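Remarks on the structure that follows.
The values are calculated or read from the model by the stated rules, or taken from the named source; none is laboratory data. Because the structure is a prediction, the values reported are computed rather than measured. Glycine also receives a Cβ, built like all others from the backbone with ideal geometry; neighbour counts cover every protein chain displayed. Heavy atoms of the whole protein, side chains included, go into the accessibility calculation; ligands, DNA and RNA do not. Shrake-Rupley method; radii C 1.70, N 1.55, O 1.52, S 1.80 Å.
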Amino acid sequence: MRGDWSKLTLPLEVLIPAMIVVLLGYVVFGVTGFGASPVTVPLLAHFLPLTFVLPLAGILDLASALALGMHTRRQANREELLILIPFTLLGLVLGVTLLVNLPRSVALRALGGFVCAYALYAIIRRDVRYRLGRGWAVPAGLTGGVLGALFGVGGPPYVMYLTGRVTDPARQRATISQMVILSVGGRVAAFAIAGLLFSRTLWIAAVLLLPAAWAGLWVGNRVHVRVTPTMTACIIGVALFLTGAALIARTF
């Protein structure tokens, strides 16, 4: 791809692999609950600019999260959400500032390193019961905002904090779901303020790829009952680690 992305239409040779990546990412989301961005962002970054991929992933994530999470909003713990939101917004501002100012090679290297670390987390994580103090909302919100803006993957800090604060499983899932909606919505708003959403190509891509995202969610929600979470996490973790390593290798 050459020239200014805001003046180009989406070519078929980019659209087809992007559809495959998005479909795969949202199948993974439906199966594991890890989210789609850990898969879609590093794979799409191999053939699209990161400043294009991250807003695109944000739009797809927001549309999908709204479709899945609106019916659970009444079960969510609003008090915990209100505590996380201010620190998340600060993290988003910092993350977007870094995104638009970092050189491409540095951004890809950072993304590759983060994906490798996230892959290891996905492989070795355990369902451990613990209780966190409310003060942990500060690093959780800041880290989630920065990681969400820079890499499209802000979920893990929120999950770690909310699972340590909300004990009821139904309220826990609902609160995490609502935090995803709020954080992704904030991320999309931050991208808009930074001028990253004003591209014809971006919105063409979002409209064309959203059906693939929803189809992937539909498939994943039906597959997850047949696949053990541990096995799935290991397979996805290995694939993500290789993807992250490949991104780092491309920068040298």
(request) Please give the calculated 222 nm ellipticity per residue for the chain, where each DSSP H segment of at least 4 residues contributes -39500 (n - 2.57) and the sum is spread over every residue; nearest 500 deg cm²/dmol? (result) -25500 deg cm²/dmol
(message) Rolling a 1.4 Å sphere over the protein heavy atoms, what is the accessible area per residue of the stretch 59-213, to the nearest Å²?
(response) 48
(request) Return the whole-Å distance between the Cα centroid of the stretch 79-93 and the Cα centroid of the stretch 178-224. (result) 20
(request) Subtracting the Cα-Cα distance from 0.36 nm times the residue separation, let me have the gained length for Tyr121 to Phe47 in nm, one decimal. (result) 24.1 nm
(message) At 1.4 Å probe size, with the rest of the protein present, what percent of the exposed accessible area of the chain is carbon and sulfur atoms?
(response) 70
(request) Could you point to the label whose value was computed as percent of Cα pairs over 34 Å apart for the structure here, given [x] 24; [y] 11; [z] 21? (result) [y]
(message) If I take R0 = 51 Å and measure r between the Cβ atoms of Leu82 and Val238 in this structure, what FRET efficiency does the formula 1/(1 + (r/R0)^6) give, to the nearest 0.05?
(response) 0.85
(request) Based on the mean of other Cβ atoms within 10 Å per residue, sort peptides 192-198, 148-154, 208-214 so the most packed one is first. (result) 148-154, 208-214, 192-198
(message) Not counting ligands, DNA or RNA, and with a 1.4 Å probe, what is Arg131's accessible surface area in Å² rounded to the nearest 10?
(response) 150
(request) Please list Arg78, Arg187 in order of solvent-accessible area, largest first, computed with a 1.4 Å probe with all protein chains present. (result) Arg78, Arg187
(request) Could you pull out every whole DSSP H run in the chain that spans at least 15 Å of Cα extent along its own axis and averages 0.0 or higher on the Kyte-Doolittle scale? (result) 12-32, 50-69, 78-101, 104-124, 137-151, 169-193, 200-223, 229-250
(message) Using a Gaussian network model on the chain with a 10 Å cutoff between Cα atoms, which of Ala137, Ala190, Ala117 fluctuates the most?
(response) Ala117
